[in-house]
1. If you scan the range 79-114, which residues turn out to be out of contact with any Asp or Glu (no Cβ under 8 Å at 6 or more places or on another chain), part of a helix (DSSP H, G or I) and touching a residue at least 40 places away in the same chain (Cβ under 8 Å)?
2. Among the listed residues Leu65, Leu21, Leu52, Leu9, identify the single one that is of a type in the set (A, V, I, L, M, F, W, C), at pLDDT 85 or above and part of a loop (DSSP other than H, G, I, E, B).
3. Does at least one position in the range 141-153 carry a residue that is buried (at least 19 other Cβ atoms within 10 Å of the Cβ), within 19 Å of the chain's Cα centre (by Cα) and either modelled with pLDDT of 85 or more or not in a loop (DSSP other than H, G, I, E, B) (or both)?
Amino acid sequence: MSRREEKPLPWPGPRPWRLFLYPNQQNAASAALRGMRSCGPRLMKGRVGALLADEVGMGKTFEALAAAAIYLAACKRRGVTVFMVPPGLMQKWRNEIKFFCDKVDEVGGGRGAKMAQVLRDMRNASQKDQWDISGRIILWPTSRVKAFIRKRRINKLSLLVLDEAHKARKQ
């Protein structure tokens, strides 16, 4: 019995990004974007959102960053975007965001005013102090969710990226 190969989803992002994103990362980011438009797999039908799950080292962080950047550049009205990560992974995320933005610059994939702004906001978020909640994109530890809600009083999020969701617990 042969395994049926799935056709890759069309890449919705800037063409140059294909130079540094592996095919599995492109496909995962495309699927996540479909999920964020409520047209993903049957499990997600009628729901807006996406779940990226894969083995360690497969590039989920880059997949999330690519999907977030494309999604935010396409948003007509942008609210706040929050990347909530475990405290022990804050520095890793800062480094990954900087590396991602550097790669986009390297291949020339940050063209267009909206995408350029999203990438600037991402880079700024990676350079901020851990407790700085100004800006459109915020990197915040999952251990401080209640403090974030009290400080920011967010009415509407454009996007919430939750890393290691299986480890998140009620605070």
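1. Residues satisfying the conditions are Pro87, Met90, Arg94, Ile97, Lys103, Val104, Glu106, Val107, Lys114.
2. Values: Leu65 fails: part of a loop (DSSP other than H, G, I, E, B); Leu52 fails: at pLDDT 85 or above; Leu9 fails: at pLDDT 85 or above.
The match here is Leu21.
3. Taking the range 141-153 and keeping what is buried (at least 19 other Cβ atoms within 10 Å of the Cβ), we get 142.
Among the residues that remain, those that are also within 19 Å of the chain's Cα centre (by Cα) are: 142.
Now narrow it down to the ones that are either modelled with pLDDT of 85 or more or not in a loop (DSSP other than H, G, I, E, B) (or both): 142.
Yes, the range 141-153 has at least one match.
Here is a yes/no grid of residues against (1) basic (Lys, Arg); (2) open to solvent by less than 10 Å² (accessible area, probe 1.4 Å):
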{"residue": "Ala69", "(1), (2)": "no, yes"}
{"residue": "Ala74", "(1), (2)": "no, no"}
{"residue": "Gly79", "(1), (2)": "no, no"}
{"residue": "Gly88", "(1), (2)": "no, no"}
{"residue": "Arg120", "(1), (2)": "yes, no"}
{"residue": "Lys128", "(1), (2)": "yes, no"}
{"residue": "Ile133", "(1), (2)": "no, no"}
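The values are calculated or read from the model by the stated rules, or taken from the named source; none is laboratory data. This structure is a prediction, so every number in the text was calculated from the model and none was measured. Note that each Cβ is placed from the backbone with ideal geometry, even for glycine, and that neighbours are counted across all protein chains shown. When the accessible area is computed, the model is the full protein with side chains, heavy atoms only, and any ligands, DNA or RNA have been set aside. Shrake-Rupley method; radii C 1.70, N 1.55, O 1.52, S 1.80 Å.
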